[in-house]
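Shown next, in structure tokens, is the structure this report addresses.
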Amino acid sequence: MAGTGMNGRIEPNGDTQTPNGTGSINGHSGLYCAGERNGHMGPSTNGACPEKAVKQMRGLSPSMNKFLHDVFDTVLEDVLKKSASAGSKVIDFLPPAELSKRIDLELRDDPEPHESLLDHCKKTIQHSVKTGHPMFLNQLYQGMDPYGLAGQFVSDSLNTNLHTYEAAPVFVLMEQEVVRKVCSLIGWPAGDGLMGAGGSMLNMFGINLARHKYFPDMKKTGMHGGPRLVLLTSAESHYSMTKGAGFLGIGTDNVIKVKCDERGQMLPEELDKAIEDAKAQGSVPFFVNATSGTTVTGGYDPLGAIADVCQKHRLWLHVDAAWGGSVLTSRKHRGLMAGVERADSLLWNPHKMLSLPLQCSVFVTREQGPLKAAHASGATYLFQADKISYDASYDVGDKSIQCGRKTDPMKLWLSWKAHGTRGFEKHVDYVFELAQYLHDKLINRKGFKMVLPGPNCTNVCFWYVPPSLQGMPEGPEFTKKLDQVAPVIKDRMTKKGNMMVQYQPLEGVPNFFRLVLANTETTRQDLDFFVEEIERLGADL
Ligand SMILES: Cc1ncc(COP(=O)(O)O)c(C=O)c1O
């Protein structure tokens, strides 16, 4: 029998009477009026809605309790344990048509029982990519920090909103502490910041803050009639810069891509020249993005020299440290970001190299004030300045352009508590060592050719040259054939499901593999297997 919830929702079938006699039906938490069990909405038919009975029925019913335990057990067993075990699949891949048959996707008018819901969860896990698997080497997010996951569970279960202190008191204070700690790693004594909906979004915050600094009226009047603003970023920077320029009305044509060296690092003299050229053409440069850890090749732009150029031209310097920013925790590698303290703003994604659950993105500014100045709109229903129980400056929501903002600080805060900065450092140093190990192995191995002179960050970019091409002189024919190798190996690898690595072309060079390391579960033996498996998959090509 189906019941109807407080909001008129129909609940899944299940027990109609709970053992504790609360009357919670159908395995749900039971916010029902008696009359609603038979499908009525609103007050019961035998009189007024019995408020007392409703109150007695709050809380998890036994069957809902069991369902949640079953789901958690499945997550622990099938995601966390299995993903980390050798021999398990990274992906059980099915093409869309077959996958749609395997999973009962149709949403119906009638409820389904818990067994069926649990089965949907299991199949979802089975056919999803296990990004915590040691052989998932495909993307910049890898692994799963259990403390981060615990922080995510707790904050998701509380289901509140990081806009006001009254709605999220603990998370507001945690965010302040996370921001303070990140600023101190950068070397800023009194910065500001927030967490938000991913790196791309927060890179846009950098652009918007810069525009607001130089053209504060544009927040109100828009860009109509203003000068042609241009922003500068390296040719290897993330595409969120171009997206941001489009989204914010700067215009994608007004993104100037600055040349890089052979390691994918922006050339400061080229930046200076590009700024001079733009000015000579009557444009107004206002923002420079430097990347610490480019997406494909892992390049770290030289921040000190770029800061000199920005200082000379009085431009806002933003650092996109989404991928490579974790080196700030490492005494061995933080030199890659020397000069970072001279930036105006910075974005870092601990959900990448530190294995925290997506999304975990921190945006910080050197000074207090720009975030609120650029973004605030002062909604009076939330941000009343005359609140009595606390100082309204703790209502942090107006620093963001989001109203509803996830309580992300807890996962980072709990993980930081659990590992300490020294634990993060060990993680970073380990994955850097792995990258060096793989690079050293590949340069000495027949059939492998490096794209870059050494690992950059933990990105290892290489071609596999199969036996049939190994004696062939390099030239257009060789390049054409080599371009076809990575897609075929990738296809075979996906079907087998035992490892995942990404391939892509880059301007002027054929498709190559980009392997990235961020998971401390990955070992040197895993990388040995990876290399041999590439050889096996490409042996007949
Ligand atoms: C360098 C860099 N910046 C920004 C981003 C965007 O971050 P997000 O995926 O959180 O939007 C990425 C994503 O891979 C990146 O590599």
Practice prompt. Taking the options 443, 401, name whichever one is open to solvent by 60 Å² or more (accessible area, probe 1.4 Å), within 30 Å of residue 205 (Cβ to Cβ) and of a type in the set (Val, Ile, Thr).
Written response: 401
Item to complete: For residue 497, work out the one condition from (1) under 30 Å from residue 87 (Cα atoms); (2) out of contact with any Lys or Arg (no Cβ under 6 Å at 6 or more places or on another chain); (3) small (Gly, Ala, Ser) it doesn't fulfil.
Response: (2)
Worksheet entry | Residues (farther than 22 Å from residue 324 by Cβ and of a type in the set (Phe, Trp, Tyr)) located in the range 168-217 | 171, 214, 215
Item to complete: Filter the range 463-477 for residues that are under 23 Å from residue 490 (Cβ atoms) and part of a loop (DSSP other than H, G, I, E, B) and give the result.
Response: 465, 466, 470, 472, 474
Worksheet item: Only one residue in 153, 171 is assigned to a helix (DSSP H, G or I), away from the ligand (no atom under 16 Å from the Cβ), at pLDDT 95 or above and touching a Leu at 6+ places or on another chain (Cβ under 6 Å), so which one is that?
Response: 171
Worksheet item: So which pairs qualify, if the first residue must be in the range 188-209 and open to solvent by less than 10 Å² (accessible area, probe 1.4 Å), the second must be away from the ligand (no atom under 16 Å from the Cβ) and of a type in the set (Phe, Trp, Tyr), the Cβ gap must be under 8 Å, and the two must be at least 6 apart or on different chains?
Response: 206/316; 209/316
Worksheet item: How many residues, within the range 213-242, are touching a residue at least 24 places away in the same chain (Cβ under 8 Å), under 24 Å from residue 366 (Cα atoms) and either within 16 Å of the ligand (Cβ to nearest atom) or open to solvent by less than 40 Å² (accessible area, probe 1.4 Å) (or both)?
Response: 10
Response to the item:
The residue from 357, 370 that alone is out of contact with any Phe, Trp or Tyr (no Cβ under 6 Å at 6 or more places or on another chain) and within 14 Å of the ligand (Cβ to nearest atom) is 357
Worksheet item: Which is among the hydroxyl-bearing types (Ser, Thr, Tyr) and more than 16 Å from the ligand (Cβ to nearest atom), of 283, 326?
Response: 283
Worksheet item: Do we find a residue being within 14 Å of the ligand (Cβ to nearest atom), touching a Pro at 6+ places or on another chain (Cβ under 9 Å), among the small types (Gly, Ala, Ser) and within 22 Å of residue 459 (Cβ to Cβ) anywhere in the range 295-312?
Response: yes
Practice prompt. Look at the range 108-150 and say how many of its residues are touching a strand residue (DSSP E or B) at 6+ places or on another chain (Cβ under 8 Å), closer than 15 Å to residue 351 by Cβ and more than 16 Å from the ligand (Cβ to nearest atom).
Written response: 0
Worksheet, complete the sentence: Pairs returned, first residue in the range 377-404 that is closer than 18 Å to residue 175 by Cα, second residue that is loosely packed, with under 12 Cβ neighbours inside 10 Å and among the hydroxyl-bearing types (Ser, Thr, Tyr), beta-carbon separation under 8 angstrom, 6 or more apart or interchain, are 398/377
Discussion item. Given (1) surrounded by 18 or more Cβ atoms within 10 Å (Cβ to Cβ); (2) of a type in the set (A, V, I, L, M); (3) more than 16 Å from the ligand (Cβ to nearest atom), identify the lone condition not met by residue 337.
Written reply: (3)
Discussion item. I want to confirm something. Restricting to the range 182-212 and keeping residues that are within 16 Å of the ligand (Cβ to nearest atom) and assigned to a loop (DSSP other than H, G, I, E, B), which single residue is nearest to residue 256 (Cα to Cα)?
Written reply: 198
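The values are calculated or read from the model by the stated rules, or taken from the named source; none is laboratory data. Just so you know, these numbers come straight off a predicted model, no measurement behind them. For neighbour counting, all protein chains shown are included, and Cβ atoms are generated from backbone atoms with ideal geometry for every residue, glycine included. The accessibility values were calculated without ligands, DNA or RNA, using every heavy atom of the protein model including side chains. Shrake-Rupley method; radii C 1.70, N 1.55, O 1.52, S 1.80 Å.
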